[in-house]
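Structure first, then comments.
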Amino acid sequence: MKSPLLSLPGAVSAEGVDEGVAAHYGDLFREQRTLADGTGFVDLSHRAVVAVTGDDRLSWLHLLLTQHVSDLPTGVATEALILSAHGHIEHALYLVDDGTTVWMHTEPDTQDALIAYLESMKFFYRVEVADRTSEFAVVHVPAGSIAEVPPGVVVRETPYGRDLFLPREDLESYAEKSGPPAGILAYEALRVEHHRPRLGFETDHRTIPHELGWIGTAVHLQKGCYRGQETVARVQNLGKPPRRLVFLHLDGSEVHLPGHGTELRLAEEGAEGRKIGFITTSVRHHELGPIALALVKRNVPLDAPLLADTTAAAQEVVVEP
């Protein structure tokens, strides 16, 4: 779904999964600084929006999600995952309940698979699941912003800012009052800075929550059973995840950033050494320079210099080995 805000001055469309919204509006670093200063907004209207209504919505979702939501207070934001039977991450959901409806946004074009799973699990529960993507656009307002929220708009308040579920028809008028806009590249740069994983970037077909630090923020360890819970409990109580998320400072002299999937090796073994991980997201940050998130094998030494193809990388711990 192409955003009308791509008609704003300087807008350059994003590519790949984020196609449909602006990558930037002509000045990537200025847009990052704007968000870091608590002003402006980010158009995330390409993200999928799903709503769950009905008297049993919270107790029902509690049975399906990794998060404890049966008593979720009205207006309190949370994150949750849906896992496969083997504990691998299938969906990452960003939720809030407004008193009558659970609103959630998730990755672009994943709503059909998500809704199909939810519908298959309804049984006798009093719930209705709806794709609201065509009606509502997600807009992110950074932490510290004093911008007013339009009346009646559902808000997810998080430490990183507010996610607004804005009527799609109001997106252009909101932009006129709430600028300056920042593109998805600026949003992603701050996401990497804050070590926040993203489905499809930091995950692959075998990722489990422990590898990304999602235990606690999106996975509640004291709740009842859900699909994949056995794997979560076993790893938590008896073992360690095979991989761990790390934050990388990349060599700033390189012209090109190593892209998603670029293989990582120990610097001491050189470019022909064994693969010990891969880049998940790389960005250029307005203060930190080129940085990245990556998944590496758990036993990689914490202080070992790495190579991303030919780019030198120094790691910081995100998930403890």
(message) So if I restrict to the alpha-carbon atoms in the chain, what is the Rg, and what is Dmax, the biggest pairwise distance, in Å?
(response) 20.0, 60
(message) Show me, for the range 255-267, the HN-Hα J-couplings you get by feeding each phi into the Karplus relation (A = 6.51, B = -1.76, C = 1.60, θ = phi - 60°), rounded to Hz, glycine and proline as x.
(response) 6, 10, 7, x, x, 4, x, 4, 6, 10, 9, 5, 4
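Give me the compactness ratio for the range 43-105, meaning the Cα radius of gyration over 2.2 N^0.38 Å. Numbers along the way, then the final one.
Working: Rg = 11.8 Å, N = 63, 2.2 N^0.38 = 10.6 Å.
It is 1.11.
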(message) Using only the Cα atoms of the range 153-198, what are the Rg and Dmax in Å?
(response) 12.4, 33
(request) State, to one decimal in nm, how far the label point of R33 lies from the label point of K275, with both points 7 Å from Cα in the Cβ direction. (result) 4.0
(request) Excluding residues on the same chain fewer than 8 positions from K177, give the aspartates and glutamates whose Cα lies under 14 Å from its Cα. (result) D43, E148
(request) Give the cross-link partners of K122 among the lysines, using a straight C-alpha distance below 21 Å as the criterion and excluding same-chain residues fewer than 8 apart. (result) K223
(request) Return the sequence-ordered ³J(HN,Hα) values of the range 309-321 in whole Hz as given by the Karplus equation 6.51 cos²θ - 1.76 cosθ + 1.60 applied to θ = phi - 60°, using x for Gly and Pro. (result) 6, 10, 8, 5, 9, 10, 9, 10, 6, 10, 10, 5, x
(message) Which lysines, if any, have their Cα less than 21 Å from the Cα of K275, not counting same-chain residues under 8 positions apart?
(response) K240, K297
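Would you kindly state how much longer the chain becomes between K2 and E172 on full extension, computed as 0.36 nm times their sequence separation minus their alpha carbon distance, in nm to one decimal?
Values: separation 170, 0.36 × 170 = 61.20 nm, distance 1.28 nm.
Roughly 59.9 nm would be gained on extension.
Restricting attention to the range 1-46, which GluC sites (Glu not before Pro) occupy a DSSP loop and are surrounded by at most 12 other Cβ atoms within 10 Å? Each step should come with its number before you reach the end.
Working: sites: E15, E19, E31; in loops: E15, E19.
Within the range 1-46, the qualifying GluC sites (Glu not before Pro) (loop, at most 12 other Cβ atoms within 10 Å) are E15.
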(message) If I model a spin label at L238 and A267 as a point 7 Å from the Cα along the Cα→Cβ vector, what separation in nanometres do I get?
(response) 3.9
(request) Compute the FRET efficiency between L288 and H205 as 1/(1 + (r/R0)^6), taking r as their Cβ-Cβ distance and R0 = 22 Å, and round to the nearest 0.05. (result) 0.15
(message) Can you give the local net charge around R274? Use residues other than it whose beta-carbon is closer than 14 angstrom to its beta-carbon, Lys and Arg +1, Asp and Glu -1.
(response) -1
(request) Can you tell me the FRET efficiency between D112 and N299 if r is taken as the Cβ-Cβ distance and R0 is 35 Å, rounded to the nearest 0.05? (result) 0.35
(request) Amide H neighbours of G20 under 5 Å, at least 5 residues apart or on other chains, H built in the peptide plane: list them. (result) A14
(request) Work out from phi, with θ = phi - 60° and the Karplus expression 6.51 cos²θ - 1.76 cosθ + 1.60, the ³J(HN,Hα) of each residue of the range 12-29, listed in order in whole Hz, and give x for Gly and Pro. (result) 10, 5, 6, 10, x, 5, 8, 4, x, 10, 6, 5, 7, 10, x, 8, 4, 6
(message) Give me the net charge for the shell around Q111: Cβ to Cβ below 11 angstrom, other residues only, Lys and Arg +1, Asp and Glu -1.
(response) -2
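Can you tally the net charge around L307? Count Lys and Arg as +1, Asp and Glu as -1, for every other residue whose Cβ sits under 12 Å from the Cβ of L307. Kindly include the intermediate steps, with their values, before the conclusion.
Details: positive: R265, R274, K275; negative: D251, E254, E263, E268, E269, E272, D309.
Once positives and negatives cancel, what remains is -4.
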(request) Give the residue from S70, G10, T39 lying farthest towards the positive end of the charge dipole for the range 1-93; charges sit on Cβ (+1 for Lys and Arg, -1 for Asp and Glu) and the dipole is referred to the Cα centre. (result) G10
(request) Pull out the extension gain between T158 and V12, defined as 0.36 nm times the separation in residues minus the alpha carbon to alpha carbon distance; nm, one decimal. (result) 49.8 nm
(request) Have a look at P242, L81, H140 and report the one farthest towards the positive end of the charge dipole of the chain, computed about the Cα centre with Cβ charges (Lys/Arg +1, Asp/Glu -1). (result) P242
(request) Based on a Kirkwood Rh over C-alpha pairs, give the Stokes-Einstein translational diffusion coefficient of the range 163-321 at 25 °C and viscosity 0.890 mPa s in µm²/s. (result) 141
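Bear in mind that the values in this text are calculations on the coordinates, not laboratory data. What you see is a predicted model, and the numbers here were worked out from it, not measured in a lab. Every residue, glycine as well, gets a Cβ built from its backbone with ideal geometry; the counts of neighbours run over all protein chains shown.
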